[in-house]
Structures are given as structure tokens and as C-alpha cells.
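Some notes on the structure that comes next.
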Amino acid sequence: MSTTSLPSYVAPVLSQNHGRAPSYNAERPSYERRIAVADHREPRALGLFVKQSKSVALHLFDQEDGISLPVYSTGDNVKGEVRLSKPENVTNVEVKIEGRLRLKEIAEGGTTTAKLCLDTDSLWLKAESSGPCPAILPFSLQLPNHFECEGETVPLPPTYDVKLSGVPGFNATIEYSISVLVDKPHSGASIVPLVKTTLFGSSSNAAISTHFQYYPRTRPATAPPPPLLLTQHGFSEHPEWQAFDSMIHAKSGNLQDITTVLYIPKSRVFCMNEPIPFHVMFRSSAISLASFMPYCPSTSTTSTERMTKIQLLRQSTVDVRNTEVQGTKTDMWRLDAVGEGIFRVAGDGPDFIAYSGEITIDSSVKVAGFKAAGLSVKDCIVLSMTPPEPQKSPFGELRLLAPIQLTTDAWAADGAGSTNGHGAGNGANGNGNGTYRDDDSIFKDPNYFQGV
């Protein structure tokens, strides 16, 4: 009779407290499944923003010191207090948060306004109180994550302002404000030089208000990949990198067309405060590549005349077809270069030239792309080659596009934030960030970018 021996077993050496900490890695192995993520907490600002009139003061908590306007992010609570120096005879006190998108025609003055959010909180009502109005009234209002637009639920857009030139031209503005509304009968002395409003009827007054900046915070869902490896045959393909290819057509029968391949991380989601890595490869015959050398990317950081360049372009589009301005039936857009790349020679071979580099994003970029009520903002990497004298050039132009999505924060190993792809979640003053994934529908629209 035969027996099967079990493998030998060596008991682990336990520490004095009879326990041993397991090894840990922030990234899960392929055989594990993430079922929850911890809420990522960041230090909360402790400063105070104050907007004050003669007899009414609005105090907003959790702000950075010295800011010109309050700043909030996704799902933040707007916390503060209203202080009345003369609360006598006051009958109602309310605080109101508003968000608006305005499309204003420059020439004719026509304006279309879409409400993005509206929330009010009654801080004190005389009809429901037996005593006088308190001099200090605290409040807390939570900003919504989404709003309804043309029957669709979309993320609340950031504060934004853009001017689109044309005939007619348009100003598109997304703005948010918080107002304190005080109701006091006209028979009594006015507590401040007030601006009339109809919210409470003929005796109501808008005591004080301030705009605030709304900047939703998001971060990539995946870590940046390692650089591609260059072999004797060119860059080796990698599942974490995506290739975009195009052709530079030769005008001479003695030359061959040049295949151009742009590689960027497959996620196509990048933090606006970090450089965007890329690789570029030109492949053709040796004689064609030799003829193309004057048009190749310049590796000089001081060169101003670059025939081949890689840029990050931002397109702001206004859908004016649904506005009330007569005679305007088409979209209008503008393109702005908000980043430019620097090339480094990675290597070459008998039939290719390879480059690597990074695109540095301009510090003026504060918000990610979005779409809301007739205004959309999109970002795209554009690799281009433009000969200075096209008629004399042996090659045609190149225009290669790769749509991307920017985020406000960098990828984090703890996986913090929502995973719904829309930046939902809790926001900047102490909470988590939304995450963007590479399967977002923004990359599936064939008309993602216009006019490029």
C-alpha cells in the first residue's frame, strides 16, 4: 500500500506579541478585487473669509488666509455665520447659494442664462420664533455634485470665463455666489443701504453677497506607466501605452511616405500639475528620413522656429443654437495652446527615428474639461509638422490628434475618491477626489475636437 506524503511545514517565528504583520502593497494583485476604498483626507483650511457691509457681515469658514474670493470643491459644505449689528425689527433671514451659466452676445446684447444650482436656508423666521432675531446666525449648505441639463444629469461645472470672437461674439461665464437676504419692514430704518429683491415680496432686501470660486477636484484612476523601451526595431508595444498613427505624405516619387506614431499613456487622463509623457517615432526609408531631418523635432529648448511640435490645445465651445439670439444657428469655438512639449532623441535605426519627451501644462490651467448647458471645454494633444514653405517642401503637413482629460490632482496609491468617472465625491476642504477612467465616453466621440 502506498501513501502520499504531505509537504513539510515550518512554523513561522512569531514576535513577542505572538503576531506578525503581513507584507503589504498599495496596489492590489491581479487575483484580488477591490471592494471599497478609504476616504482620502487632506488638511482642512482654517482661515476665515469676511464680506462686510455697514451692519451685516458674512463669515465663511474653512478658507485659506488672504484669498480674494472663497473657494469650494465637489460636495463641500459652505459653512459660516451671518452677523447682524442691528437685528431689531428683522422678520426673516435667509442665506442663498446660486450658480449660473450666462451666454452673452457682445454686439447685440442678447443674453441666455441657465441655472446650475440653487439652495436656500432659512436662518431665522419671526413667525416661528417668540424672541428677537439673534445677532449671530450660523449656517451650513452642501454644494450639489450634479445638476439637470436638458434632461440629463451632469456634474456641476467649475467657475469659468471665456470670450469667443466672431460675428456675433460671445462671452460665456460660469459663476457662483452666496447671498444673505434680510427681510425688514419698510416702516423701520433700513439696516444697510440695501438692493431690492422680490424673493420675499415688496419688503425684502438683499443684504450682502459674494461670488465664490468652484473648482471640482479629480485625480487619475491609474498610475502613470513606465516609459516605453526602445529596441533595434523601434519602440516596443506595451498595454499601458496607446499608439496614434498618421502619415506624412511625400511629394516626390523618389521618396516614401513617413509613418508617424505618437505614444501616450493609455488612460489619457493626466494631472494638470504634472508633465505629460510621450514618445514619437518616424518610420520610412533611409533616404526619406534623411530628407526629413530638417523638419524633425528640435531638441533645443531655446529654438523658437519649430516645424514639428507637440502641444496641448484647449477648445472652448459655445452651443448658440438654443439661445434666444436671433440669426445664430451654429456652434462657436476658440482654441488655446495651454502646453507645449520638449523632445529628446531616444535613438534611431535603419528605418526609424525615435523621440521621447514631456508636455508641460501652463500654470494658468486651473480647471479640467467639462460640459454644461451649452458650454463645453475639451483638451487634446496635437502633434504637428508645418513646413515654412509648403510649396517647396518634399513632404506634406502633419496633424495628429489625441483627446485627453485633465485632472486637478495627481494619482494616489490609496485609490482615494469616487470611481464613477465624473468627479463626484467629497471635495477640497478636507475630503476625497473623483477619479477619471480611460473608458469615459469623452474619448468615443469622433467629433470630439473641431477646428483643429
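What follows is calculated from the coordinates using simple rules that are stated; it is not laboratory data. Not measured: the values here are computed from a predicted model. Cβ coordinates were reconstructed from backbone atoms using ideal geometry, including for glycine residues, and neighbour counts include every protein chain displayed.
See the values below:
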read-out: 5 angstrom amide H check on Asp62, placed H, neighbours 5+ away; value: Gly47
read-out: Translational diffusion of segment 275-317, µm² s⁻¹ [Kirkwood Rh, Cα pairs; Stokes-Einstein; 25 °C; 0.890 mPa s]; value: 190 µm²/s
read-out: FRET efficiency estimate (nearest 0.05) - Cβ-Cβ, Leu46 to Thr113, R0 51 angstrom; value: 0.90
read-out: Lysines whose Cα lies under 22 Å from that of Lys392, excluding same-chain neighbours fewer than 8 positions away; value: Lys251, Lys309
read-out: Computed over segment 131-181, the ratio Rg/Rh where both radii use C-alpha atoms and Rh is Kirkwood; value: 1.19
read-out: Cleavage-rule hits (GluC sites (Glu not before Pro)) in segment 122-169: DSSP loop, at most 10 neighbouring Cβ within 10 angstrom; value: Glu150
read-out: Backbone N under 15 Å from the Glu274 label point (7 Å along Cα→Cβ), restricted to segment 357-386; value: 358-361
read-out: All lysines inside 29 Å of Lys96 as judged from Cα atoms, apart from same-chain residues fewer than 8 positions distant; value: Lys51, Lys54, Lys79, Lys86, Lys104, Lys115, Lys126, Lys163, Lys184, Lys196, Lys366, Lys371
